[in-house]
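Structure first, commentary second.
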Amino acid sequence: MELNFQVNRTCLYILLFFFAGLMIIYLGGSFSEKSAIQYADMTHSDSPLHIDVNGNKVAYYDYSPTSYSFTVLLLHGMRFSKENWRTLGTLDILLKNGYRAIAVDLPGYGDSDRTTGLSNEDFLRQFMEKVDSESTVIVSPSMSGQFAIPVVFSGKPVLSGWVPVAPVSISSHKVEEYQSLQLPVLAVYGENDNQFRSQVEQYLGSIPRVRMKMITGGSHPCYLDSPAEWHQSLLSFLSEL
């Protein structure tokens, strides 16, 4: 009698483990299926794309959901390229939050040809037209301010927002001109950026619809010093546009 009880108990354990295994397989498959569905409408390639701008090759990444409210156009500083936004995770984070994210190699950087025969303003405008960049928010760190600031002040095309990250050429316009901008702006700078911090606070701080974001302990490329804080600030800004 005792032997039969032990055998029955052993069989019961085997059946329980068997059914538990089936449930794990089923749930795992369901999760994978949901994950695949969740990201099925998001397209991107780890290989850069190329287009022609005024007879010159321009390289860029394009991470696009099938539907989105904004395009975030990521420019870069002098020592950087489009690759920094990929390795930092910014492209993926923007995509997974429903934004189209484009990171471009500016002329003479990364995989783009050195010259386009265009002014910085005309190059950026033509690139945006080529990639059908609509409802655009431009992110312009450091050197790329030379490209973004002329476009911002020209009003062509009309931008949905601007995220200057301690850009150069800030003082190419007077404080009074910044005060006339009606564009939503997230001005980002590093606490320890001794060269540009005061300019950011003086000029960009005078924009009526500006949100100032100082990265504590940050250097000039402050988004590299605190990626999580950078991404949180960027997403918060975009969500309010």
Selection from region 46-72 of residues that are open to solvent by less than 40 Å² (accessible area, probe 1.4 Å) and farther than 20 Å from Tyr99 by Cβ: Ile51, Val53, Asn56, Val58, Ala59
Helices (runs of 4 or more DSSP H) contained entirely in region 191-241, each with at least 2 residues that are aliphatic (A, V, I, L, M): 227-239
Test: residue in region 126-140 that is touching a residue at least 40 places away in the same chain (Cβ under 8 Å), farther than 16 Å from Thr71 by Cα and open to solvent by less than 10 Å² (accessible area, probe 1.4 Å): no
Among residues of region 197-232, those that are open to solvent by less than 30 Å² (accessible area, probe 1.4 Å), over 17 Å from Asn84 (Cβ atoms) and within 22 Å of the chain's Cα centre (by Cα), counted: 2
Region 73-101, subset basic (Lys, Arg) and either modelled with pLDDT under 95 or surrounded by 21 or more Cβ atoms within 10 Å (Cβ to Cβ) (or both), residue farthest from Asp113 (Cα to Cα): Arg100
Close pairs from region 148-164: first within 20 Å of Arg100 (Cβ to Cβ), partner of a type in the set (D, E, K, R) and open to solvent by 10 Å² or more (accessible area, probe 1.4 Å), Cβ under 6 Å, at least 6 apart: Val151/Glu121
Which listed residue, of Arg197, Arg211, is touching a residue at least 24 places away in the same chain (Cβ under 8 Å), over 13 Å from Thr90 (Cβ atoms) and in contact with a helix residue (DSSP H, G or I) (Cβ under 7 Å, 6 or more places away or on another chain): Arg211
Where a residue in region 167-188 is part of a loop (DSSP other than H, G, I, E, B) and its partner, wherever it lies, is loosely packed, with under 13 Cβ neighbours inside 10 Å and basic (Lys, Arg), with Cβ under 7 Å and at least six apart: Gln182/Arg209; Leu183/Arg209; Pro184/Arg209
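The values are calculated or read from the model by the stated rules, or taken from the named source; none is laboratory data. Given the structure is predicted, the values throughout are model-derived calculations rather than measurements. No Cβ is skipped: glycine too gets one built from the backbone with ideal geometry, and neighbour counts run over all protein chains shown. Surface areas here come from the heavy atoms of the whole protein model, side chains and all, with no ligands, DNA or RNA. Shrake-Rupley method; radii C 1.70, N 1.55, O 1.52, S 1.80 Å.
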